[in-house]
Amino acid sequence: MRTNTVDDMQKRQAAYSNQIDQLEMEILGLKSQLEETSHLNRSLKEQNKELQSNISDVAREDALHREQMIQRINEEQKAKEALIAQLNDKLQIQQENLKAIQDARVRDAERRAREAKMKADAAKARATAASRTDSRGIQKISAGLNKHVVSGQRPAAPKPSVKPATPTAKPSTPATQPATQTAATTSSPLGAAQALFDQKKYQEAYSAYNRITGANPASEEGITAAYMMGECLFAQKEYDRAILQYQKIISQSGSHPKAASATLKQAMAFELLADNETARLIYAKIVKHYSNSPEAKIARDKLK
């Protein structure tokens, strides 16, 4: 029994020893895994710190870039506002000058009308005085007849000379009127000015158009003539003056079809003056306000 018990205990001890060895091996494996895990954790922490640092750098660079962009946009906006204010000042000055010129023309027209009335009254008075019979019995002369100067007194000779002249003078007047009306129809002032423009006589055409606008600036012919004055200046490469001339049409006749054309030529003039930013603003204005016009299509192509 003792032998059997001892053998059995020895066997159990051997088994326990084996289990202890296995446990120690497993503990060693776990320690090794823990060390690897700890190493990985340290690596991950270092990588995390590096990523956070990179993210912070990127965020700072992005914030700096945004600030620079905002600052540049603000500077461009201020420059545009200053340019617009400058243009508005110029426009106001031109409008004041234009109003002064118009007032001067109105005063001049009133003065000419008064002088014409005075001359008409004087002529009427002379005709009335001439129509009265002289105390010496000289024949009456009406205002519609031709006047004949008689050097000396003749008792009855002037009567037959005046009477035959009367029927010949009357038919001559209606004969000349249709010819005058036909000439005025075939060669209107606007057509004559356009002929000068087509012949590239821009200064003469400008003066002719100016006379038309002075006569009636609000009429269809007056607006067309005002636009063509800008075309004359544009053709002579006087772009600054052309811009101001086009602005008169835009300010005074904004709903007229010529206003869109004037705005387009104004933008082209700025572009030729190398002021591309102002030209771009005016092209955008054409697209917005005259979206269905042919000028808007040209403006879109220019913006592209």
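Using the structure shown, list the pairs from Lys248/Lys297; Lys78/Lys258; Lys258/Lys288 with a Cα-Cα distance above 25 Å, or answer none. The answer is Lys78/Lys258. For the peptides 232-245, 280-293, the ranking by packing is 232-245, 280-293, with the highest mean count of neighbouring Cβ atoms within 10 Å listed first. Here the extension length gained between Met1 and Ser32 equals 6.5 nm, from 0.36 nm per residue of separation less the Cα-Cα distance. Highest mean first, the peptides 84-90, 191-197 sorted by other C-beta atoms within 10 Å per residue fall in the order 191-197, 84-90.
Each reported figure results from applying straightforward, stated rules to the coordinates on display, with no laboratory input. All of these numbers come straight from a predicted model, not from anything done at the bench. Neighbour counts run over all protein chains shown; Cβ positions are idealised from the backbone, glycine included.
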